[in-house]
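Heads up: the structure comes next, in structure tokens.
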Amino acid sequence: MLDDFMTRAMLAGVGVAFAAAPLGCFVVWRRMAYFGDATAHAAILGIALALALEVSIFAGAMVVALIMALTVTFLTGRGYAMDTILGVLAHSALAFGLVAVSFLSGIRIDLMAYLFGDILAVSKSDLIVIWGGATLVVALILWRWSALLMSTLNEELAYASGLHPKREQLVLTISLAITVAVAIKVVGVLLIAAMLIIPAAAARGLARTPEAMAGIAGAIGAVSAVAGLQGAYVLDTPAGPSIVCVAAILFAGLNLVGWRSKNAM
Amino acid sequence: MNLIDVKNLHVAYGANTVLRHVDLHLEQGEIVTIVGPNGSGKTSLLRAIIGATKPVSGDIHLKPGLKIGYVPQRLHIDPTLPITVERFMRLTGGVSKAACRTALETAGVPDLLKRQMTKLSGGQFQRVMLARALINQPDVLLLDEATQGLDQPGSAAFYQQIAQVRQETGCAVLMISHELHVVMSASDRVVCLNGHVCCEGAPAIVASAPEYRALFGTGTGGALALYRHDHDHDHTHSHEAAE
């Protein structure tokens, strides 16, 4: 069954959707959308370094994404606004990454494959990495779920309950780096943030509790992955962007339905 | 033994010292109110007590096993975060639905369990926060301007509820308030803070202290003094930026 490239692609897409759903909810709730973007952009630099050092691309992307996320976390609250720091770091990392790639003369790499993903080329070992990473992220977030929610609601409240919001933030930062690294092959650097944010945002109107929102976001992400791949197959369109297009259409559709039912009342 | 003992506390953000030489204690069952102008370090003091701000120096001693119920200053929940009152109250583990109901009743807002937090009115929201703080039978309630955004009858009712909770459960209360008229009637002790402790004691004593009058005017603690105090006091801070 895994010998069929479409099956592998769908499994990869669904795996990323599952990791992205709960994480994406926190990204939306904490207004960290741009943070996901910055981490993903940094991953290009990681890929270039990984190719130069001949280590696994997954490891390179993850390490640089993690360094990026930690740097941002460290720098915020030290003089610059969050979005300024992210703007500086994200685009510098992307630029340095692109320049670094050009120095790799001996190796021909298809940059487009990393910018937009190449989900149809996912191998069996890629699947293991994606599902391993996704399981790790979901397990991390489930383990810290209540503490993360409390820290997201209010820092003081979390402290008074004996929690350490800064440590919980670190859990999100690490999860984000892992998700970016496993998702690069599937949707690429430029569209990772979309997989985090769009399903979570689309799920908002349907959910009454945080848990429900994460669950529905997972379902919307999985449906987008499967439908997007099928659409790409039928219409001969690029796979990664097609997945994001389906998610965006679901977002618009659900919002329209929500808006109409609100006005009907 | 005191529930909370703060000795010679210094708190600074970078080069900016907000609290110096602050001593404070809270005994079993008493209601202590911290008053002071904006930027006087009231919130920093509470943050230091709950461990959210690391002091530069000084001692903060909490009675071992002390249970704190914290009611923050107007908490903002992002509208993208769906959460019912029940889910919110049960975030800290080991809380039963029945305990939620009881706490909501004690706080004066029964029947809110299934409502969305973001859809509550200001008064309902603060009472849910109070209910959440009460749910684990705390030894101390910490309130950081918990009535901000409530109208006068609303906040008077809120403080009445606090006094009643203290009577029923015997918990101590440490609160920050801007509302001097309420402070004067509801507190056992008032601490007047402006970077340091200007004066403290029973409400009547504090109200007649010269340091207090320098901060809040010579009125009887009425509503007007509340708005005058920022401008007739020249310690070390400047007001240019605010004007």
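The values are calculated or read from the model by the stated rules, or taken from the named source; none is laboratory data. Since the structure is predicted, the reported quantities are computational estimates derived from the model, not experimental observations. Quick reminder, even Gly has a Cβ in these numbers, built from the backbone with ideal geometry, and neighbours come from all protein chains shown. Side chains included, ligands, DNA and RNA excluded: accessible areas come from the protein's heavy atoms. Shrake-Rupley method; radii C 1.70, N 1.55, O 1.52, S 1.80 Å.
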Which one of the conditions (1) within 12 Å of chain A (Cβ to nearest Cβ); (2) open to solvent by 40 Å² or more (accessible area, probe 1.4 Å) does B:Ser96 fail to meet, given that it meets all the rest? (1)
Being of a type outside the set (Phe, Trp, Tyr) and at pLDDT below 85 narrows A:Arg78, A:Arg30, A:Arg8 down to just A:Arg78
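Working only within segment B:131-184, note down all residues that are β-branched (Val, Ile, Thr) and either more than 22 Å from A:Leu157 (Cα to Cα) or within 14 Å of chain A (Cβ to nearest Cβ) (or both).
Within segment B:131-184, B:Ile135, B:Val140, B:Ile176, B:Val182, B:Val183 qualify.
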Of (1) at pLDDT 85 or above; (2) more than 17 Å from A:Gly188 (Cβ to Cβ), A:Ala93 satisfies all except one. Which? (2)
Could you check, for segment A:158-181, whether at least one of its residues is in contact with a Pro (Cβ under 6 Å, 6 or more places away or on another chain) and of a type in the set (Gly, Ala, Ser)? yes
Only residues that are modelled with pLDDT of 85 or more and open to solvent by 50 Å² or more (accessible area, probe 1.4 Å): list them for segment B:154-195, please. B:Gln164, B:Arg166, B:Gln167, B:Glu168, B:Thr169, B:Asp188
Between B:His10, B:His25, which is part of a strand (DSSP E or B), free of Cβ contacts under 8 Å to residues at least 24 places away in the same chain and either open to solvent by 10 Å² or more (accessible area, probe 1.4 Å) or within 14 Å of another protein chain (Cβ to nearest Cβ) (or both)? B:His25
Number of the condition not met by A:Ser261 [criteria: (1) under 30 Å from B:Met89 (Cα atoms); (2) in contact with a helix residue (DSSP H, G or I) (Cβ under 8 Å, 6 or more places away or on another chain)]: (2)
Residues in segment B:37-48 that are assigned to a loop (DSSP other than H, G, I, E, B) and crowded, with 22+ Cβ neighbours inside 10 Å: how many? 2
Against the conditions (1) under 19 Å from the mean Cα position of the chain (by Cα); (2) more than 24 Å from A:Ile128 (Cβ to Cβ); (3) touching a residue at least 24 places away in the same chain (Cβ under 8 Å), where does A:Val246 fall short? Just the number, please. (3)
Of (1) crowded, with 17+ Cβ neighbours inside 10 Å; (2) within 14 Å of chain A (Cβ to nearest Cβ), B:Thr118 fails just (1)
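Filter segment B:50-66 down to the residues that are facing another protein chain (nearest Cβ under 10 Å) and either farther than 28 Å from A:Arg31 by Cα or free of Cβ contacts under 8 Å to residues at least 12 places away in the same chain (or both) and list them by number.
B:Gly51, B:Ala52
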